[in-house]
Amino acid sequence: MRSPFYFIVKPTKGKRYNNSKEIGGVDFITSTSEENHIASNREAIVVSTPLGYNGEIEPGDTLLVHHNVFKFYNDMKGQRRSGRSFFTDDLFFIEPDQFFMYHDGKDWNAYDRFCFVEPIDVENSYIYKNIKEEPLMGLMLYPNDYLKSKGVKSGDKVTFKPESEYEFYVDDKKMYRIYDHQITMVL
């Protein structure tokens, strides 16, 4: 089964939400809210690629998707519904602009116009900063092809525009998804 325009995916671990954590062999629920975007599952397994698709992504790869892909919502009558990506059972249609990175079995790769930056701890300064992370700065983790063509590589310290960071946790590491044009400088 293949779609003419969409990737067909299923949520990792068969769960729409990542709202539990195992501690000492006991599962604890960390969020009961279906509206909480932080608790929604953001990883999807590719079941099939669109017809005519000739890219790097293959069935079995993992996609890092938008937080609304798997979420439930309540309609005007208060009834629980699946979002517009829902297809059937545990299968969902994903448009190319609904995912930001893919894992090909070896490593994560930035997709399209997105890159991923890890925030850095506050740097030493004569001025006291009552924050844990340096604002608007980070380490480039996953540059996209455009940034690579400009000489930006993984591990570079970069700066980015205000309000451009979209937070993800991938492999238990906090990182920001940022558009490539919002990277302002390599330090």
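The table that follows gives values for the structure above.
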item	result
Scope region 167-180; condition in a strand (DSSP E or B), in contact with a Phe, Trp or Tyr (Cβ under 8 Å, 6 or more places away or on another chain) and either more than 10 Å from V117 (Cα to Cα) or open to solvent by less than 20 Å² (accessible area, probe 1.4 Å) (or both); matching residues	F168, V170, M175, I178, Y179
Selection count where residues are of a type in the set (D, E) and at pLDDT 95 or above, scope region 44-61	2
Residue in region 139-151 that is open to solvent by less than 50 Å² (accessible area, probe 1.4 Å), in contact with an Asp or Glu (Cβ under 8 Å, 6 or more places away or on another chain) and assigned to a strand (DSSP E or B) present	yes
Cross-chain or 6+ apart pairs with Cβ under 8 Å, region 1-19 first and over 14 Å from I45 (Cα atoms) and touching a residue at least 12 places away in the same chain (Cβ under 8 Å), then among the hydroxyl-bearing types (S, T, Y) and open to solvent by 80 Å² or more (accessible area, probe 1.4 Å)	N19/T30; N19/T32
Number of the condition not met by F28 [criteria: (1) under 23 Å from N144 (Cα atoms); (2) out of contact with any Asp or Glu (no Cβ under 7 Å at 6 or more places or on another chain)]	(1)
Answer residue from region 13-52, given it is in contact with a Lys or Arg (Cβ under 9 Å, 6 or more places away or on another chain) and hydroxyl-bearing (S, T, Y) and is farthest from P96 (Cα to Cα) among those	T30
Residue that is farthest from K10 (Cα to Cα), among those in region 78-92 that are open to solvent by 30 Å² or more (accessible area, probe 1.4 Å) and not in a strand (DSSP E or B)	G78
Which listed residue is of a type outside the set (G, A, S) and either within 24 Å of V69 (Cβ to Cβ) or touching a strand residue (DSSP E or B) at 6+ places or on another chain (Cβ under 8 Å) (or both), from I131, I120	I120
Test: residue in region 156-166 that is closer than 22 Å to N109 by Cβ, exposed (fewer than 12 other Cβ atoms within 10 Å of the Cβ) and out of contact with any helix residue (DSSP H, G or I) (no Cβ under 9 Å at 6 or more places or on another chain)	no
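The values are calculated or read from the model by the stated rules, or taken from the named source; none is laboratory data. Everything numeric here is computed off the predicted structure, so don't read it as measured data. Glycine also receives a Cβ, built like all others from the backbone with ideal geometry; neighbour counts cover every protein chain displayed. We work out accessible area using only protein heavy atoms, side chains counted, and drop any ligands, DNA or RNA first. Shrake-Rupley method; radii C 1.70, N 1.55, O 1.52, S 1.80 Å.
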